[in-house]
Amino acid sequence: MEIIEFQPDHLARLQVQEEQSLDISNALDNAEAIKAASAGAWSAVEGDAVLGCIGVFRTAENRMTAWGLLGRMGAINFFKVHQRVRNFLEAQQAPIRIEATVFHGHAPAHQWMDKLGFVLETPEGMRGYMPDGGTCDLYAYVKGASDAPKV
């Protein structure tokens with residue numbers, strides 16, 4: 001597996017986890033806009049198969065929103081994706097806030113956010129956040145803010 005620059009057609013070749021089925025339909029409709037707006041975006045590929053797409057949008061000078069759509073992949077490939085994201089986070093200059101939303105019931109995504117050093121900011125969830133009215137949770141990775149926990 002290798003991690004390469006994201007291209008809009010990668011989304012059409014990605015078989016996402018069931019928990020992300022709403023996200024992929026929205027992303028497919030906006031693939032070109034996602035590419036144009038991303039401050040950085042990458043795809044995990046193995047041959048012709050796309051295993052995942054991840055990236056960030058810059059929303060302010062010191063604030064970003066992370067996005068990710070992942071298919072099922074083995075532990076070794078997931079570790080490579082995790083390391084790529086971890087390296088990106090560590091390379092960011094303080095102060096920086098990176099936010100990510102996670103489907104409320106998607107336990108593996110919650111575990112990954114924790115391993116990356118993101119902090120859950122909405123333990124009760126954000127009801128009605130999803131297009132279908134479902135609940136998401138907000139996580140934040142904060143580096144260098146005077147009142148932020150050290151990550």
From Ala75, Ala41, Ala49, Ala36, which residue is closer than 27 Å to Pro131 by Cα, surrounded by fewer than 16 Cβ atoms within 10 Å (Cβ to Cβ) and free of Cβ contacts under 8 Å to residues at least 40 places away in the same chain? Ala36
If I go through the stretch 87-112 residue by residue, how many of them are buried (at least 19 other Cβ atoms within 10 Å of the Cβ) and in a helix (DSSP H, G or I)? 2
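One line per residue, one yes/no per condition, for (1) in a helix (DSSP H, G or I); (2) touching a Phe, Trp or Tyr at 6+ places or on another chain (Cβ under 8 Å); (3) in contact (Cβ under 8 Å) with a residue 12 or more places away in the chain; (4) of a type in the set (A, V, I, L, M, F, W, C):
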residue: Met64; (1), (2), (3), (4): no, yes, yes, yes
residue: Lys115; (1), (2), (3), (4): yes, no, yes, no
residue: Asp132; (1), (2), (3), (4): no, no, yes, no
residue: Tyr141; (1), (2), (3), (4): no, yes, yes, no
State the number of residues belonging to the stretch 123-147 that are more than 16 Å from the chain's Cα centre (by Cα), over 25 Å from Gln93 (Cα atoms) and either surrounded by 13 or more Cβ atoms within 10 Å (Cβ to Cβ) or of a type in the set (D, E, K, R) (or both). 8
Residues located in the stretch 74-98, provided they are of a type in the set (Val, Ile, Thr) and touching a strand residue (DSSP E or B) at 6+ places or on another chain (Cβ under 9 Å): Val81, Val85, Ile96, Ile98
Name the residue that is modelled with the highest pLDDT, counting only residues in the stretch 8-33 that are part of a loop (DSSP other than H, G, I, E, B) and buried (at least 17 other Cβ atoms within 10 Å of the Cβ). Pro8
Could you go through the stretch 8-21 and let me know if any residue there is under 30 Å from Ala145 (Cα atoms) and among the β-branched types (Val, Ile, Thr). no
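The values are calculated or read from the model by the stated rules, or taken from the named source; none is laboratory data. Worth saying up front: this structure is predicted, and the values here are computed from it rather than measured. Here the Cβ is made from the backbone with ideal geometry for all residues, glycine too, and neighbour counts use every protein chain on show.
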